[in-house]
Each structure stands twice: as C-alpha cells, then as structure tokens.
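Data first, discussion second: the structure below is written as structure tokens.
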Amino acid sequence: MKRSHSFCVYEDLDITEFDRGTRNNKRDSMWIRGQLTKKVQSKLNWLGIPHMAVDPAYTSKMCPKCSNIDDKNRKGKFFVCTVCKHEDDADHNAAINIGQRALDDEVLKLVEKYRYNTNKRHSALKELFKKRHRSYISIKSVA
Ligand SMILES: [Zn+2]
C-alpha cells in the first residue's frame, strides 16, 4: 500500500451547534453531516490516514489573517475581511480556518478544557481570537 502523508481535518459537528442556516435546516443538516462524517472517518481509518475533528465555531466568518470575527466578512460565496481586506472564496476561507485549528495549541487547549460546555468553549475561543485581533491591530499601527 502506498504511504500517505495526508492529514485530514474536519469540523466536529457533534460537539457544537452548527452556525449556518435556519433552525430546522440546521438540525437536518447536522444529522446528515454527522452521518457523512462517520462514513468519511471509517474510510480514513481503513486507509490509515490520520484525521482530526476541530470545533467549527466562527470558521465561516473569521479572517485567518487578522482573526477578525464579523458576520459582514462573509458575502455569499465571497469572504472579504472588514478590517484587513483579506479576500478569498468563502468555503476555502473556512477550510483554511479549520486546517489551522488542528495545529493551534491554544485553541486545542481551550476546546479540551471546555469540551462539555459549548457556551464557555465558544466564549473562550472568541476571547482568544479577539486578543489575537487586537495584537494584529497594534502591530499594524506600529509598522
Ligand atoms: Zn482580516
């Protein structure tokens, strides 16, 4: 069997509410995505590809460059940061955020610490991203 250097990262839809769409669509979408996730996980296990689920909070509306979280960052299929003007396809932008979370020790520690409390976990994540955003702004204003 060919050796794989792949590492698959996806949103953990079991640990949090899904933040897109209306309530009913949300529930249906979560169930379907949960089933899809299980199938994908079992295939990845079978293929021996390492994989990891990350908290999906703010992945669709956060800027990966300056950590600005704003609903207005997302305009349909496009992502344009209201602060640093970083542009990307909205899905690609979310994928970048999802991928980065798997390698982010601070995020991983917070998610583990508040694993069973979604409100606290998301508050803590938002505070961390706000702190990073303030740091980005202060570095930008000095330069
Ligand atoms: Zn930005």
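Please treat every number below as a calculation from the coordinates, not as lab data. This structure is a prediction, so every number in the text was calculated from the model and none was measured. Virtual Cβ from ideal backbone geometry, glycine too; neighbours counted across all protein chains shown.
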Unique match (being more than 17 Å from Tyr10 (Cα to Cα) and away from the ligand (no atom under 14 Å from the Cβ)) among Lys131, Lys85: Lys131
Name the residue that is nearest to the ligand (Cβ to nearest atom), counting only residues in segment 28-52 that are loosely packed, with under 12 Cβ neighbours inside 10 Å and hydrophobic (A, V, I, L, M, F, W, C). Ile32
Criterion violated by Ile49 - all others in (1) over 26 Å from Cys8 (Cβ atoms); (2) assigned to a loop (DSSP other than H, G, I, E, B) satisfied: (1)
